[in-house]
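Undergrad: To start, I am sharing the structure in question, which I have written as structure tokens.
The values are calculated or read from the model by the stated rules, or taken from the named source; none is laboratory data. No experiment lies behind these values; they were computed from the predicted model shown. Ideal geometry is used to build each Cβ from the backbone, glycine not excepted, and the neighbour counts take in all protein chains shown.
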Amino acid sequence: MLASIVHYITADEPLLPDIRTGVAVINRFVGIWVPGGAVKLKVTANGTAATGVAATTDSPVPEFGQFVYAQVVPLAFTIPMLKRFDYADAQAYQERRARLSCWLTTQVIGEFCVLLKSLQAKRGNEFVQQLTSTVLPAVGCPEASAQPMLKALQEAPECVSASATPS
């Protein structure tokens, strides 16, 4: 099921509502299945610790933490780089349809922000280390650009998904 969510939000031409919904669902799973506090690093067959990959053995869903780090977190940086996220197209905002697209784009970005902040709040330095050692270099983000983003992420207040329903 989790692989299906990632598949549909990374399809060739994903629809913004599909992306938003998929990330919102993953946010809910993170809230439930990613425990807070320290976890052990996964030990590979040769006895070394896998670099930056957390094994959430205390999660009700085995390997969910690894899935999020490997499959979902990079999407927070690659999906906004898609062609459809054209932030510079000022003329498009004059059309009603384009305003809806802009609103959906904002919602998608917001869901990714909630995801990143939730993981940072729950996993702390482990998550920051994963970002700096694996995710950000993989998407071509230089360390000089990453540091202000990481600082802002750590200082941001905790947030709730835009699609979350009040309890």
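Undergrad: Looking at the range 41-61, is at least one residue at pLDDT 50 or above, surrounded by 12 or more Cβ atoms within 10 Å (Cβ to Cβ) and touching a helix residue (DSSP H, G or I) at 6+ places or on another chain (Cβ under 6 Å)?
TA: yes
Undergrad: Which of the following residues is of a type in the set (Gly, Ala, Ser) and modelled with pLDDT under 90: 118, 167?
TA: After ruling out the rest, the residue left standing is 167.
Undergrad: Within the range 115-149, restricting attention to residues that are within 16 Å of residue 78 (Cα to Cα) and of a type in the set (Gly, Ala, Ser), which residue is farthest from the chain's Cα centre (by Cα)?
TA: Filtering the range 115-149 for residues that are within 16 Å of residue 78 (Cα to Cα) and of a type in the set (Gly, Ala, Ser), the one farthest from the chain's Cα centre (by Cα) comes out as 145.
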